[in-house]
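Trainee: This is the structure I have questions about; it appears just below.
The values are calculated or read from the model by the stated rules, or taken from the named source; none is laboratory data. Small disclaimer: the values here were computed from a predicted structure and weren't measured. With ideal geometry, Cβ positions are generated from the backbone for all residues, glycine too; neighbour counts draw on all protein chains shown.
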Amino acid sequence: MSYELIDGKLVASKIRKEIKDRVTQIRDEHSRVPGLAAVLVGDNAASEIYVRNKRKACEDVGIYSKECKLPAETTTEELLNLINNLNNDEDINGILVQLPLPEHINESVVLNSVYPKKDVDGFHPINAGRLFQGRPKFIACTPHGIIKMLEFYDIKIEGKNAVVLGRSNIVGKPVAILLMQKHATVTICHSRTKNLPGILKSADIIVAAIGRANFVTSDMVKEGAIIIDVGINRLETGKLAGDVDFENVKDICSYITPVPGGVGPMTITMLLWNTLLSFEEKL
């Protein structure tokens, strides 16, 4: 069976063009632009790469980018003081706290301290609750990007059996809610799920987000399935791999995202989208 690649870079570039045009219009009319602050604690290499990519993305669309880098020994109180300052900074419309935080910092307390109106990650309980109720404001970036990709390729969600592999608050749970709101029948699978291969085999749409390289194999996928691979895993060879065994699965499915170049570009793009949305709320 021939498959079509879901090109996250292409979809992201289209959305970023819309964002850039709107930011340019705002700058011309109001002499200011949206602002996004990234908070990074410690020296996590992957986090630093993400923040660097975020900075470049902001520059590309004209959004003001501020980076706050703190040492690993920063206390929860010190971090909360910084976030409080950003909450009250009129030039900042979005605050991104880069995860993971050092183990000694209370992650939930920190995330909950970000004003909901500046929570462009969509992690605050108020924003998560709004999503649950079907009246979202800021949607978690990766799940939102997944839905945008499916819509861009005119992939019908309504009536489909969707299986979400992973139950994290960042991807698994919110993407399950979004798919359900698009009228899919959704099953969430996790480490305690029984007969996982059989459940995956019944899926019209699979969203794989468990962080295990090449976990989803060809015998778990039915012909014509749509595969969204959220995983980014580095193999011993240094090569990146998703949660799906791409080479052996691609010829079975109808659509599939690559790794890299699939979901990844959409995550930062929807962060920019939410930052613009936050700014426009104040106009």
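Trainee: Would you point out the residue of the stretch 173-210, among those that are within 17 Å of residue 131 (Cα to Cα) and charged (D, E, K, R), that is surrounded by the most Cβ atoms within 10 Å (Cβ to Cβ)?
Mentor: Checking each candidate, the answer is 173.
Trainee: With the structure loaded, tell me whether residue 275 is over 17 Å from residue 33 (Cβ atoms) and either outside the structural domain of residue 223 (by TED's automatic domain parsing) or out of contact with any Ser or Thr (no Cβ under 8 Å at 6 or more places or on another chain) (or both) or whether it fails that test.
Mentor: No, not satisfied.
Trainee: Give me a count of the residues in the stretch 85-109 that are touching a helix residue (DSSP H, G or I) at 6+ places or on another chain (Cβ under 7 Å) and either among the charged types (D, E, K, R) or more than 13 Å from residue 42 (Cβ to Cβ) (or both).
Mentor: Residues meeting the conditions: 8.
Trainee: Can you pull out every residue in the stretch 210-237 that is within 22 Å of residue 8 (Cα to Cα) and not in a loop (DSSP other than H, G, I, E, B)?
Mentor: Across the stretch 210-237, the qualifying residues are 216, 226, 227, 228, 229, 233, 234.
Trainee: Sort out which residues of the stretch 136-178 are under 22 Å from residue 199 (Cα atoms) and assigned to a loop (DSSP other than H, G, I, E, B), and write them in order of number.
Mentor: 155, 156, 157, 158, 159, 160, 166, 167, 168, 169, 171
Trainee: Need pairs with beta-carbon distance below 9 Å; first residue outside the structural domain of residue 43 (by TED's automatic domain parsing) and within the stretch 68-93, second at pLDDT 95 or above and of a type in the set (Gly, Ala, Ser); sequence gap 6+ or separate chains.
Mentor: Close Cβ pairs (under 9 Å, with a partner that is at pLDDT 95 or above and of a type in the set (Gly, Ala, Ser)) do not exist here.
Trainee: Report whether or not residue 130 is surrounded by fewer than 16 Cβ atoms within 10 Å (Cβ to Cβ) and either of a type in the set (A, V, I, L, M) or without any contact (Cβ under 8 Å) to a residue 60 or more places away in the chain (or both).
Mentor: When the stated conditions are applied, residue 130 does not pass them.
Trainee: If you check every pair at least six apart or on different chains, which have Cβ atoms under 7 Å apart with a residue in the stretch 217-233 that is modelled with pLDDT of 95 or more and among the hydroxyl-bearing types (Ser, Thr, Tyr) first and a residue that is exposed (fewer than 14 other Cβ atoms within 10 Å of the Cβ) and assigned to a loop (DSSP other than H, G, I, E, B) second?
Mentor: No pair meets every condition.
Trainee: Looking at the stretch 58-78, which of its residues are under 14 Å from residue 100 (Cα atoms) and in a helix (DSSP H, G or I)?
Mentor: 76
Trainee: Tell me, which residue of the stretch 133-157 that is without any contact (Cβ under 8 Å) to a residue 60 or more places away in the chain and of a type in the set (Gly, Ala, Ser) is surrounded by the fewest Cβ atoms within 10 Å (Cβ to Cβ)?
Mentor: 134
Trainee: Do you know which residues across the stretch 25-42 are more than 16 Å from residue 97 (Cβ to Cβ) and either in a helix (DSSP H, G or I) or of a type outside the set (S, T, N, Q) (or both)?
Mentor: Within the stretch 25-42, 25, 26, 27, 28, 29, 30, 32, 33, 34 qualify.
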